[in-house]
Amino acid sequence: MIRLVILGAPGSGKGTHTYKIAKKYNLKHVVVGDVVKQEIRNKTALGKIMYDYTSVGKFVPSNIVVDVLKAQVKDLKGFDGFIIDTAPINMEQKEAMSDFIIDGVIWLKVENFNLLRERILNRLICPNCRRVTTKSKYPNKVCPCCGSTLEERYDDNIETFNKRIAQFEEKTMPVIRDYQKQGKVIEIDAEMAKQDVYSQICDKLDNFIKVNSLK
């Protein structure tokens, strides 16, 4: 059983790489953000609460996030574990997830905030197959994999980006440091080209799995 978390600043490549990691290692891909966006699209009562937070770059309350995660990892039939995309993102969430067993944390490290900003403002996402690409590469906004219309995230703007970066530095970095003390962090240089980043993830994750006898 492999139980992973992937963390990184906005634009570090979490969505790009988590899908491929999940497929390669047969892990259930748990994306809190997808559930949030679905609730917002459906204009549910929960979605309205979530939108009030995410639209201004704030974190969704921990109790809501943890309830979503518990529902997602309840059934792992057919999988060899799970990978949670972007949670816990603050110490409150980490404490609320105390009954979750987390084997390893993949940290997509990017120190160049200008690079992150460029990625965010140029980003397009397929709502169907989750492919992440760019406006410059696909200006017609048609997914090259499934033909769906590529979308911009509603919070991909400079104001929200600045707030999310500040939140990451203040709230999420302490989580990463805490996991580092436990020897659970797999640090990745995420400023490289996508394929180089993914190769680095696989090499380090394979070694981590072997050393910790996770399979």
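Please go through region 1-25 and give me each residue that is in contact with a His (Cβ under 9 Å, 6 or more places away or on another chain) and either surrounded by fewer than 19 Cβ atoms within 10 Å (Cβ to Cβ) or modelled with pLDDT under 90 (or both), ordered by number.
Passing the criteria: Tyr19, Lys23.
Looking at (1) at pLDDT below 85; (2) not in a loop (DSSP other than H, G, I, E, B), which one does Tyr53 not meet, given that it meets all the others?
Answer for Tyr53: the failing condition is (1).
Could you please give the count of residues in region 9-32 that are on the phi < 0 side of the Ramachandran plot and small (Gly, Ala, Ser)? Quick ask: steps written out before the conclusion?
Initially, region 9-32 is screened for residues on the phi < 0 side of the Ramachandran plot, giving 9-10, 12, 14-25, 27-32.
Filter again for small (Gly, Ala, Ser), leaving 9, 12, 15, 22.
Summing the residues that are on the phi < 0 side of the Ramachandran plot and small (Gly, Ala, Ser) in region 9-32 gives 4.
Taking interchain pairs and intrachain pairs at least six residues apart, which have beta carbon atoms under 7 angstrom, with the first residue in region 172-186 and farther than 11 Å from Val5 by Cβ and in contact (Cβ under 8 Å) with a residue 60 or more places away in the chain and the second loosely packed, with under 13 Cβ neighbours inside 10 Å and of a type in the set (Val, Ile, Thr)?
Once the first residue is farther than 11 Å from Val5 by Cβ and in contact (Cβ under 8 Å) with a residue 60 or more places away in the chain and sits in region 172-186, no partner that is loosely packed, with under 13 Cβ neighbours inside 10 Å and of a type in the set (Val, Ile, Thr) comes close enough.
Hand me the list of strands (runs of 3 or more DSSP E) wholly inside region 73-169 holding 3 or more residues that are of a type in the set (Phe, Trp, Tyr). Lay out the reasoning, then the answer.
Values: elements: 81-85, 104-109, 123-125, 132-134.
Once the strands (runs of 3 or more DSSP E) in region 73-169 are filtered for at least 3 residues that are of a type in the set (Phe, Trp, Tyr), nothing remains.
How many residues does region 19-43 contain that are closer than 19 Å to Cys145 by Cα, in contact with a helix residue (DSSP H, G or I) (Cβ under 7 Å, 6 or more places away or on another chain) and hydrophobic (A, V, I, L, M, F, W, C)?
Adding up the residues that qualify gives 1.
May I ask you to list the residues in region 41-67 that are closer than 22 Å to Met97 by Cα, in contact (Cβ under 8 Å) with a residue 40 or more places away in the chain and β-branched (Val, Ile, Thr)?
Hit for region 41-67 is Thr54, nothing else.
Just for region 158-184: of the residues that are under 27 Å from Ile101 (Cβ atoms) and among the polar types (S, T, N, Q), which one is surrounded by the fewest Cβ atoms within 10 Å (Cβ to Cβ)?
Per the criteria, the residue is Gln182.
Could you check region 26-48 and list, in sequence order, the residues that are surrounded by fewer than 20 Cβ atoms within 10 Å (Cβ to Cβ) and assigned to a helix (DSSP H, G or I)?
Result: Gly33, Asp34, Gln38, Ile40, Arg41, Ala45, Leu46, Gly47, Lys48.
Across region 185-199, what is the total count of residues that are surrounded by 18 or more Cβ atoms within 10 Å (Cβ to Cβ) and either among the basic types (Lys, Arg) or part of a helix (DSSP H, G or I) (or both)?
So the first thing to find is which residues in region 185-199 are surrounded by 18 or more Cβ atoms within 10 Å (Cβ to Cβ), and the list is 185-186, 188, 190, 197-198.
Still in the list and also either among the basic types (Lys, Arg) or part of a helix (DSSP H, G or I) (or both): 197-198.
So the count comes out to 2.
The values are calculated or read from the model by the stated rules, or taken from the named source; none is laboratory data. Nothing here was measured: the structure is a model prediction, and the numbers come from that model. Positions of Cβ are generated from backbone atoms using ideal geometry, with glycine treated the same way; all protein chains shown enter the neighbour counts.
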